[in-house]
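Beneath this line is the structure, given in structure tokens, with notes to follow.
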Amino acid sequence: MDFSNLVPARTVRLATVYAAIVASATVVFAVLAEWRVVFGGAGVATVFVLLACYYRRVETARQRSVLLAAAGAINALALVAITDPGVHGDPWLMPLILFNHLVATPVMALALSVVSVGVAITLEGYWNDPTLLVSTLGAALLIITGLLIFGTGLQARLGALSSRIRRDDLTGLLNRRALDEDLDAAVSAGEPFAIVLLDLDRFKPLNDCYGHQAGDRVLQRCGRLFPRHLRDRDQAYRYGGEEFVLLLPECGSAEALQIAERVRRAVEAATLGPEGDTTISAGTAAWRGGDTAAVVIERADSALYAAKQAGRNCCIDADAVPPESAAR
């Protein structure tokens, strides 16, 4: 589970300082040849350093893989320490389980914890002592179950929060933030896609004449109308004000223009405004290899401007806009 956005920077600094202190103590104990403490000190120091780095921000798949490998190494280090006859396993296992659930996915954390607990009780000889075996397994099971319930619930809440952050409150469509993220992802993927930039015609006079509440109702009705005329994989976004964007994966210029025209006709046929004559203009643009997200938006915006200049209530593709008109 990812707590990187929930932990204050001060906590990160304290964890780093604590790790430095423990690491320094480890060196002292190493000089004194207290090898059991060396294992413990090195393990604790490494745990805190890794957690500090993790909380700083783990964003890429490679970083997560490195952290997961480190988690495996920490489990191995703890098990090595347990092999020392003077080291008791229980104090290692419970923090180890917590660490696994902090840095790994629930399934991977469960696997690491089960393996580590199984190896530890075998090394400690608990199989021959039913009392120790039951108490250790019971404590481990209780902690693992609690962490799984907590982690699953927290991730569900974070997922709901993330979804809400990406939604426009008024229309229920995805918002500008979501568009920026999804457009960047589409460009990075390098797969064909197109966008449609939509703008409600004469929206300001409607607001001025009937009030902003009437304008809000038109926007809400658009939020319900647009998705009904898109393909399953398409997404609709509120770009800002009375502007909307449609993101169309695996789509070229011709199909994007057809989808835009379908939406335009649906708006024209619907009774969205007080007088029932609401229309939209649309500009379409297909991604060309090498284009940035900003370039695609700019091309669609030029096409939308051309549609407005052509009398509104129409759709124009960016490829049909003369270069001199596009450079407005």
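Coordinate-derived values only; no laboratory data. All of these numbers come straight from a predicted model, not from anything done at the bench. Quick reminder, even Gly has a Cβ in these numbers, built from the backbone with ideal geometry, and neighbours come from all protein chains shown.
Points worth noting:
- Estimated FRET transfer efficiency (D232, S135; beta-carbon r; R0 41 Å; 0.05): 0.15
- Between V115 and R176, the FRET efficiency estimated from the beta carbon spacing at R0 = 35 angstrom works out to 0.15.
- Here segment 119-260 is treated as an ellipsoid with the same Cα gyration tensor; its semi-axes, largest first and in whole Å, are 53, 21, 10.
- Between R164 and A69, full extension at 0.36 nm per residue minus the direct alpha carbon distance yields a gain of 30.9 nm.
- Between W127 and D216, the simple label model (points 7 Å from Cα in the Cβ direction) yields a spacing of 6.8 nm.
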